[in-house]
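A short worksheet on the structure shown next.
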Amino acid sequence: MYEFIQKFHSGLAYLALLVVVIALINALIGLFSKKEFTAKDRKIAVFGLAAIHTQFVIGLVLYFVSPLGFNSLGQMADKELRLTSLEHPLINIVGITLITIGWMKHKKSTTSESKFKTFSIYYGLGLLLILSRIPWKLWL
C-alpha cells in the first residue's frame, strides 16, 4: 500500500507542478500584456488550485503511512529524514496556503491587473516554496 501511494504522490506531483506553473505563466502574461481577465484565466487558476490540493491530500495520507513521514519525526539529526518528515510537509503546507490565499484574494479584486498580480505573487511564492523542499534525491 505504501509503495503505491508513494509512487502515486510522486507521479501526481509532476502534473500538479505543471498545472501551477501554467497558471503562474498565464498570470504573468496577463499582467505584463495588460489583457482582460477572462473565464479562461479563472479556470486555469482553479485547475492549479485543485491540482495542488489533490496533491496535498495524497501527501497527507502518505505522511502517515510512510516510514519517512510521521514515524521519523524524532530523528532530526539525519538531514534526509528531517526533509521528508518535517521540512517537506511544513513548507509545502505554507506554499499551498499561499496559493489558496491567492485564489481567495483574486475574488475581491476589481481590475484585471490586480487579479493577475495577485495570482502572480501568491502562486509564484507558493510554487517557489514547494520547489524548495521537494526531496529531489527520492523523486528523480
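The values are calculated or read from the model by the stated rules, or taken from the named source; none is laboratory data. Note that the structure is a prediction, hence the values are computed from the model and not measured. In this analysis, Cβ positions are derived from the backbone assuming ideal geometry, glycine residues included, and neighbour counts consider all displayed protein chains. The protein model used for the area step is the full one, side chains on, heavy atoms only, and it has no ligands, DNA or RNA in it. Shrake-Rupley method; radii C 1.70, N 1.55, O 1.52, S 1.80 Å.
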Close pairs from region 101-118: first touching a residue at least 12 places away in the same chain (Cβ under 8 Å) and in a helix (DSSP H, G or I), partner crowded, with 21+ Cβ neighbours inside 10 Å and of a type in the set (Val, Ile, Thr), Cβ under 6 Å, at least 6 apart:
Gly102/Thr118; Lys105/Thr118; His106/Thr118
Residue among Val65, Val61, Val94 that is under 12 Å from the mean Cα position of the chain (by Cα), over 15 Å from Leu17 (Cα atoms), open to solvent by 50 Å² or more (accessible area, probe 1.4 Å) and not acidic (Asp, Glu)
Val94
Can you tell me which residues in region 104-133 are closer than 23 Å to His9 by Cα, hydrophobic (A, V, I, L, M, F, W, C) and either more than 13 Å from the chain's Cα centre (by Cα) or open to solvent by 20 Å² or more (accessible area, probe 1.4 Å) (or both)?
Leu125, Leu128, Leu129, Leu131
Which members of region 71-85 meet the condition of being surrounded by fewer than 14 Cβ atoms within 10 Å (Cβ to Cβ) and not in a loop (DSSP other than H, G, I, E, B)?
Lys79, Glu80
Among the residues that make up region 110-123, is at least one of them within 24 Å of His88 (Cβ to Cβ) and of a type in the set (S, T, N, Q)?
no
Taking the conditions exactly as written (farther than 30 Å from Thr110 by Cβ, at pLDDT 95 or above, open to solvent by 50 Å² or more (accessible area, probe 1.4 Å) and not in a loop (DSSP other than H, G, I, E, B)), does Leu28 satisfy them or not?
no
Just one listed residue, out of Ala13, Ala77, is under 11 Å from the mean Cα position of the chain (by Cα) and modelled with pLDDT under 95, and it is Ala13
In region 1-60, what count of residues is obtained for those that are more than 19 Å from Trp103 (Cα to Cα), of a type in the set (Val, Ile, Thr) and without any contact (Cβ under 8 Å) to a residue 60 or more places away in the chain?
1
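Go through region 31-49 and give me each residue that's open to solvent by 50 Å² or more (accessible area, probe 1.4 Å), at negative phi and not aromatic (Phe, Trp, Tyr). Let's see the steps before the verdict.
Initial filter on region 31-49 (open to solvent by 50 Å² or more (accessible area, probe 1.4 Å)): 32-36, 38-40, 42-43, 47.
Within this subset, residues satisfying the condition of being at negative phi are 32-33, 35-36, 38-40, 42-43, 47.
Passing the criteria: Ser33, Lys35, Glu36, Thr38, Ala39, Lys40, Arg42, Lys43.
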